[in-house]
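Undergrad: Pasting in a structure now, in structure tokens, and then I'll have a few things to ask.
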Amino acid sequence: MRILVVEDDRKVACFIQSGLQQEGHAVDVLNDGSGAGDQACMVGYDAVVLDVMLPGRSGFQVLRDIRARKAEFPVLILTAKDSIDDRVSGLDGGADDYMVKPFSLAELSARLRALMRRGHPHESTLHVADLEMDVVRRAVRRAGRSIDLKPKEYALLEFLMRHSDRPVTRSLIIEHVWDIHFDSISNVVEVHINSLRNKIDRGFGVSLIHTIRGVGYMLTTAPP
């Protein structure tokens, strides 16, 4: 997932960013509410973690900006304000979930995964041929054999599986698997693709990961 965190407390923002990145997510951070709605909608994030007390524009104002544009990605409100009225305001304003500080990073991550599953209720398990990904347990198997993946390898494979049988460009992969600070001229995408091929395809009769010359990559059982 590519996640936007809008949080003015830099220590809290860094804590969230570091924890989610360790799970393989691409995480961008803003410390001000001004322009947060614009960035959230223009980039097309998979989810937004939004503080309420922000300089520039409050989290509730940012939330209204997002929903006014008909953006459908989940928004999780994160705040120190724990009154019932505040929770109701956030949920009525279009938030999908609400967490009160202090919070557990493990719970935050679990809630984000639950929000993503809510948007794709039939996709708790992804299948392409004999390749299976359990997105709840973050487990991958092929032909019944367990495959151990590093966080970024998992994120890349999940993206490819969600777009199976469709070519995806390198820039689209970068946009959803890495963050805005990614060096676009680096070969890290190619390195991770090769690593996935070694783990997903090597030793199996059918290769699933294919290079589409001049375009990008595709996960499919039918070679292009």
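Undergrad: Looking at PRO55, PRO102, PRO74, which is the one that is within 30 Å of ASP165 (Cβ to Cβ), at pLDDT 85 or above, of a type outside the set (Ser, Thr, Tyr) and in the same structural domain as GLY44 (by TED's automatic domain parsing)? Walk me through it before giving the result.
TA: Working: PRO55 fails: within 30 Å of ASP165 (Cβ to Cβ); PRO102 fails: within 30 Å of ASP165 (Cβ to Cβ).
That would be PRO74, the only listed residue that is within 30 Å of ASP165 (Cβ to Cβ), at pLDDT 85 or above, of a type outside the set (Ser, Thr, Tyr) and in the same structural domain as GLY44 (by TED's automatic domain parsing).
Undergrad: Give the residue that is nearest to PRO151 (Cα to Cα), with candidates limited to residues of the stretch 42-70 that are surrounded by fewer than 18 Cβ atoms within 10 Å (Cβ to Cβ) and hydrophobic (A, V, I, L, M, F, W, C).
TA: So, considering only residues that are surrounded by fewer than 18 Cβ atoms within 10 Å (Cβ to Cβ) and hydrophobic (A, V, I, L, M, F, W, C), the one nearest to PRO151 (Cα to Cα) is VAL43.
Undergrad: Checking the conditions here, which among LYS101, LYS11, LYS70, LYS81 is at positive phi and of a type outside the set (A, V, I, L, M)? Give the steps one after another, and end with the answer.
TA: Details: LYS101 fails: at positive phi; LYS11 fails: at positive phi; LYS81 fails: at positive phi.
The match here is LYS70.
Undergrad: Also, quick follow-up: Quick one: in the stretch 178-198, which of the residues that are at pLDDT 85 or above, in contact with a Lys or Arg (Cβ under 9 Å, 6 or more places away or on another chain) and not polar (S, T, N, Q) is surrounded by the fewest Cβ atoms within 10 Å (Cβ to Cβ)?
TA: GLU190
The values are calculated or read from the model by the stated rules, or taken from the named source; none is laboratory data. Not measured: the values here are computed from a predicted model. Cβ atoms come from the backbone with ideal geometry, glycine included; neighbour counts cover every protein chain shown.
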